[in-house]
Structures are given as C-alpha cells and as structure tokens.
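Inspection log for the structure reproduced underneath, given as structure tokens.
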Amino acid sequence: SLASRVSVLPVGAGDSDRQAPLFAAHSNAGNSVIGRFTSLDNESSHFISRVDVRRMDPVLALDHRRPVGLMKIDAQGFECNVLRGMRTALASGAVRAITMEVSEVFLANHECSELALKDLLQQSGYAVQVTTVDLTASRAESTLFAVHASAGSSEDLAWWAKGGFRGK
C-alpha cells in the first residue's frame, strides 16, 4: 500500500539540527517556509511557530535497506539547506531520484541559487535537468529533476523530465 511506502515526519528538513521560525502567507497556508518568508506580488506573511529542523542523513540512515525511489522537495527556497543536510544519503544513492520546483526569487532569499542546487546534486553523483515553463510574460516556473548514477541512465532522466516514473 502507499501508506507503507510514505513517511511523514513532524520536523522540517535542513542543514543542521535546531529550532527555526516557520512563516506562512496570509492568503495561502501552503506557502510556508522555514527561516525567512519570500513575498511574491506583495503577499504578506505571519509567524506560525518555531519548528524542529533536522538533518535528513540520520533519518534516511535508519532504513538504509530501502532506497528512496523518488523524493519530492518543496521547501520554498530552503532547498539548498535540505540537500546540505542529506549529503551522505545523496552521495550513497540512498535517494534514487529527486524533483523540486526551482524559484530563483525564493532561493536567493536563502542564499541559494539554481546553480548551487545543481552543483550540490552533481557533486553527489546525480544527472540534473531543469525544465522551465513561462507562466506569464514576467514569470516562469522551473522544475528540477535529478537521477542518481546508481539508479539509471540519461534515458531515465529524460523520462523523468517528461513527467514519467519508472521504479527500479
């Protein structure tokens, strides 16, 4: 069952173990972020609470026999921090494939960039592809797909980029 393959933890993922503030947009609670809120279109935010932030390397090491087939990261610009907290798992191939939205505006607010994300993943053995779709004349949305070398070939990366999924 799907429930046996999904883990939900009551912590935020980051590059160190600590407590950090969690902010959310007033008009969209799904637009929440650890650390600093990034406003688009002058959207206002509010402080929700302090949350426990944990490195994911120890969490992923608890069940090292089962590699993660696909990890979706949606951290509103905090993605570099998430990846830095799981370098060992990434380098080992414990996470076979990763997908995430890429927003330069959100990333910059957390001292990160698309290039930094790609470097972190490529240094850990991932082939990385970013696809961009123009939403409006002034706004684009990018999606990053990364497949670890131990998980498949560049053909697999092309498959992922087209929105497919093949379990290995």
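Here are some notes:
- Only one entry in G85, G69, G152, G77 is open to solvent by less than 10 Å² (accessible area, probe 1.4 Å), at pLDDT below 95 and of a type outside the set (A, V, I, L, M, F, W, C), namely G77.
- Near pairs, Cβ below 6 angstrom, 6+ apart or cross-chain, from segment 16-34 (free of Cβ contacts under 8 Å to residues at least 24 places away in the same chain) to any residue that is in a loop (DSSP other than H, G, I, E, B) and among the small types (G, A, S): H26/S44
- Checking S39, S7, S16 one by one, the residue that is assigned to a loop (DSSP other than H, G, I, E, B), at pLDDT 85 or above and hydroxyl-bearing (S, T, Y) is S16 and no other.
- Strands (runs of 3 or more DSSP E) enclosed by segment 46-154 - at least 3 residues per element that are small (G, A, S): 140-148
The values are calculated or read from the model by the stated rules, or taken from the named source; none is laboratory data. Keep in mind the model is a prediction, meaning the values are calculated, not measured. Heads up, the Cβs are rebuilt from the backbone with ideal geometry, glycines too, and the neighbour counts pull from every protein chain shown. All accessible areas refer to the heavy atoms of the entire protein, side chains included, with ligands and DNA or RNA removed. Shrake-Rupley method; radii C 1.70, N 1.55, O 1.52, S 1.80 Å.
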